[in-house]
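Peer 1: The structure under discussion is supplied below as structure tokens; questions concerning it will follow.
The values are calculated or read from the model by the stated rules, or taken from the named source; none is laboratory data. Note that the structure is a prediction, hence the values are computed from the model and not measured. Cβ: placed from backbone, ideal geometry, glycine included. Neighbour counts: every protein chain shown. Note: accessible area is taken over every heavy atom of the protein model, side chains too, but ligands, DNA and RNA are not part of it. Shrake-Rupley method; radii C 1.70, N 1.55, O 1.52, S 1.80 Å.
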Amino acid sequence: MKKINIFQTAMEQMLTGLLISRQADNKILCINNEAWRILGLDPTPQLGKLSFKELFFDAGGKLFYPDKRILNNTIFDPNLLSRSHVIVKNVETLVQQPGGKKIHALLSASPVLDNAGETIAMVTVLQDISQKKIKEMAHLEHEKMLEMKFSRQTDNLEKTNRQLETILNASSESIWICDGQGIVLRINRATENLLGISAQEVVGKKIDDLVKKDLMDRSVTREVLNRKCQVNIIQKTAKTNKQLLVTGTPVFDDDGSISMVITNERDMTQLNDLHEELELVRLESKQIKDELTQLNLRELKEQEIVAQSKEMQHILLTCQKLANLKISNILIMGESGTGKGFLAKFIHSRRNKGPFVQINCAALPESLIEAELFGYEKGAFTGAGERGKIGLFEMARGGTLFLDEIGEMTLPMQAKLLKCIEDKEVMHIGGLTPIKIDCTVIAATNVNLADQIKHKKFRQDLYFRLNTFTITIPPLRDRLEDIPELTFFFLKKYNKEYSLNRKLSPRSVNAIQDHEFPGNVRELQNMIKKAVVMGESAIIEQFDKKNIKDPFFASSHDNTWKMESGSYVFNDKVLAYEKKLLSRAVKEFKTTRAIAAALHMTQSQVFRKLKKHGLKTGK
């Protein structure tokens, strides 16, 4: 009884499934717990009454054999006990339980023989190898991935090698690749053509031996290996008798040793030829540009620009060059009315697609100029807008900021402007964050800034910052060729604007030509506009030497200029005219600054001359 219990307990505690069936009728005699689990069946008291088919297959279970050799009996081996003692060893089987779950198992089967050697029972052993199978499959999958990765890397490496080979041979420069001992590893086709050699002659040989064979006069590779840095030399070839510019570059490995030397060789003869060709192209390009510039000057009239005199043509050519080169900090100087603002717009139109923003520095007080130029934050000062305001520098982003009458700006404001231009950033009034600016700055003035600097009215550093390029527009009286052209240009313009057909008489044309135009182009423009609008006939006759003169000029009946015998003293007449002119200016204008602007003088000059003649202004 104890032996039976021990045998039964051992069966139940086995880690492999055990199943014993009777040979005569295939009824299951014994089955342990592990076999029940593998087969997916619950223990039943019907043992000895059910066959394996009835117990497992009829319940919906299935067995699959992945190894197809089971069909040709090659896995069945005769045992040494007898020829009929045939066993099955470790057949891989896929057990599909009645519930559908699948378990991988190793199946072994062996017959039990009686004394006569006849089979009386069959012992079947099932070993669950699902976990092992999962690991095997994962390992196989990993190996497959590694194999694919290795294959891809191999393909990529081969592709990269082909690309490098193509790049190496496509290079127009000669390339040598040597190892850290100076042995030639590769050369490209350009090297073969340039030196008149083949790769078979040099690959695998030391570069020093090639020098000894007079293939070249010296080796940059040897110098790189000795000096451990990039080296440039001039080298002569023996076969082709060419002079080369050779650059050797070391390639270091992780421990700091030179693993390779890459050498580039350039034919100096070819470079010299290219240089000469480039110079010819540049000369042709310059000639074409000059011709185009001349054509552009002929097109300027269509853009309301008249430049008949050589002086103005030169100025416009200069402006075109500055515009093409995108030069900033341009200073335009000239008397009032010469067209400084118009010239600034001309430069802008040739270079920028952004906005053209203009401010008259003489028209606003210092506090307002600062707010206009730099902008302000909400509540920065009394009267500030609720949302704040961006400055003109920001408004001109990508375009041009034109600072007109820069000479009238106060010194404190000049300091702030200088910092803004130098740092290329502005700070809102009441703000904490600087704002980058990107615009072309053009300034203009009708005063002599050099004199203003001497009298401490203009900052020298701001002057040097603004006048990187200075353009001085000559007054209209110094470019007489432009007067007829401008006259007929304005006549045509205002005839078209007011749907009239006025013409100038020869006497009017001569009077205009002889006039000095202290107000420059602006005076001429206003004069023609008034004549076209106010004229009563088709022919404009009212211009003559009597009524065309500037109001500050003495009339023809002015006794100050009457040449009486014995009273023609030059200095006296000049002083008398000066006093009369200043007296009229004092009546017309209330401040010395306004008088200075009207007479094209500095404020200090006006002050001294008023004091000399005993004259006083209202302020």
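Peer 1: Contour minus end-to-end for Ala238 and Glu165, with contour as 0.36 nm per residue of separation and end-to-end as the Cα-Cα distance?
Peer 2: Answer, rounded to one decimal: 23.6 nm.
Peer 1: Per the Kirkwood treatment, what hydrodynamic radius in Å, one decimal, follows for region 477-540 from the mean inverse distance over all distinct Cα pairs?
Peer 2: 11.8
Peer 1: To test your reading of the geometry: what angle, between 0 and 90 degrees and rounded to tens, separates the Cα axis of helix 2-13 from the longest principal axis of the chain?
Peer 2: Value to nearest ten degrees: 20.
Peer 1: What accessible surface, in Å², does a 1.4 Å probe find on His142, ignoring ligands, DNA and RNA and rounding to the nearest 10?
Peer 2: His142 exposes around 100 Å² with every protein chain in place.
Peer 1: About the Cα centre, and with charges only on the beta carbon of Lys, Arg (+1) and Asp, Glu (-1), how big is the dipole of region 137-213? Nearest 20 debye, please.
Peer 2: 160
Peer 1: On to the next question. Once each part is reduced to its C-alpha centroid, what is the distance from region 510-542 to region 434-504 in angstrom?
Peer 2: 21
Peer 1: Given a 1.4 Å probe, how much area per residue of the chain is accessible, in Å²?
Peer 2: Here the residues of the chain average 61 Å² of exposed surface.
Peer 1: Which whole number of Å³ per residue matches the convex hull of the alpha-carbon atoms in region 570-613?
Peer 2: 65
Peer 1: Right, another one. Counting every Cα pair in region 306-433, what percent are over 17 Å apart?
Peer 2: Value for region 306-433: 62 percent of Cα pairs lie more than 17 Å apart.
Peer 1: About the Cα centre, and with charges only on the beta carbon of Lys, Arg (+1) and Asp, Glu (-1), how big is the dipole of the chain? Nearest 20 debye, please.
Peer 2: 2220
Peer 1: Something else: Normalized C-alpha radius of gyration of the chain, against 2.2 N^0.38 Å?
Peer 2: Rg over 2.2 N^0.38 Å, computed on Cα atoms: 2.08.
Peer 1: Then there's this: Just tell me which lysines come within less than 29 Å, Cα to Cα, of Lys389; anything on the same chain fewer than 8 places away is out.
Peer 2: Lys326, Lys340, Lys345, Lys353, Lys378, Lys416, Lys419, Lys424, Lys436
Peer 1: Moving on. Go through region 451-523 and name the trypsin sites (Lys or Arg not before Pro) that are in a DSSP coil and have 13 or fewer other Cβ atoms within 10 Å of their Cβ.
Peer 2: Passing sites in region 451-523 are Lys456.
Peer 1: Can you pull out the trypsin sites (Lys or Arg not before Pro) in region 212-265 that DSSP calls coil and that have at most 10 other Cβ atoms within 10 Å?
Peer 2: Within region 212-265, no trypsin sites (Lys or Arg not before Pro) qualify (loop, at most 10 other Cβ atoms within 10 Å).
Peer 1: Now for a different question. So for the chain, averaging the separation of alpha carbon pairs under 8 Å that are six or more residues apart and normalising by length, what relative contact order in percent results?
Peer 2: Taking the mean separation of contacting Cα pairs over the length of the chain, I get 7 percent.
Peer 1: When the helices in the chain are scored as -39500 (n - 2.57) per DSSP H run of 4 or longer and the sum is shared across all residues, what 222 nm value do you end up with, to the nearest 500 deg cm²/dmol?
Peer 2: -13000 deg cm²/dmol
Peer 1: Here is a further query. Can you tell which of Met145, Leu126, Leu157 lies farthest toward the positive end of the dipole of region 122-164, using +1 and -1 charges on the Cβ of basic and acidic side chains (Lys, Arg; Asp, Glu)?
Peer 2: Leu157
Peer 1: Now a separate question. Taking GluC sites (Glu not before Pro) as exposed when DSSP calls them loop (any state but H, G, I, E, B) and at most 10 other Cβ atoms lie within 10 Å, what is the longest stretch of the chain free of them, the sites themselves excluded?
Peer 2: My reading of the result: 1-385 is the longest stretch.
Peer 1: Can you give the charge dipole size of region 318-421 about its Cα centre, rounded to the nearest 20 debye, using +1 on the beta carbon of Lys and Arg and -1 on the beta carbon of Asp and Glu?
Peer 2: 680
Peer 1: Run the numbers for Ile87 and Ala116: contour at 0.36 nm per residue of separation, minus the present Cα-Cα distance, in nm.
Peer 2: The Ile87-Ala116 span can extend by a further 8.6 nm.
Peer 1: For Arg282 and Arg350, what does the FRET efficiency come to when R0 = 25 Å and r is the distance between their Cβ atoms, rounded to the nearest 0.05?
Peer 2: Efficiency at R0 = 25 Å is approximately 0.70.
Peer 1: Taking Lys236 as the anchor, which lysines have their alpha carbon closer than 30 Å to its alpha carbon, excluding any fewer than eight residues away along the same chain?
Peer 2: Lys205, Lys206, Lys212, Lys213, Lys228
Peer 1: Would you kindly state how much longer the chain becomes between Lys310 and Lys616 on full extension, computed as 0.36 nm times their sequence separation minus their alpha carbon distance, in nm to one decimal?
Peer 2: Separation in residues times 0.36 nm, less the Cα-Cα distance, equals 105.8 nm.
Peer 1: Sticking with this structure for a sec: Using a Förster distance of 56 angstrom, determine the FRET efficiency expected from the C-beta separation of Glu541 and Asn324, and round it to 0.05.
Peer 2: The computed FRET efficiency comes out at 0.75.
Peer 1: Less than 28 Å apart at the alpha-carbon level, and either on another chain or at least 8 residues along: which lysines does that give for Lys616?
Peer 2: Qualifying lysines at Cα under 28 Å: Lys454, Lys456, Lys457, Lys549, Lys562, Lys573, Lys579, Lys580, Lys587, Lys590.
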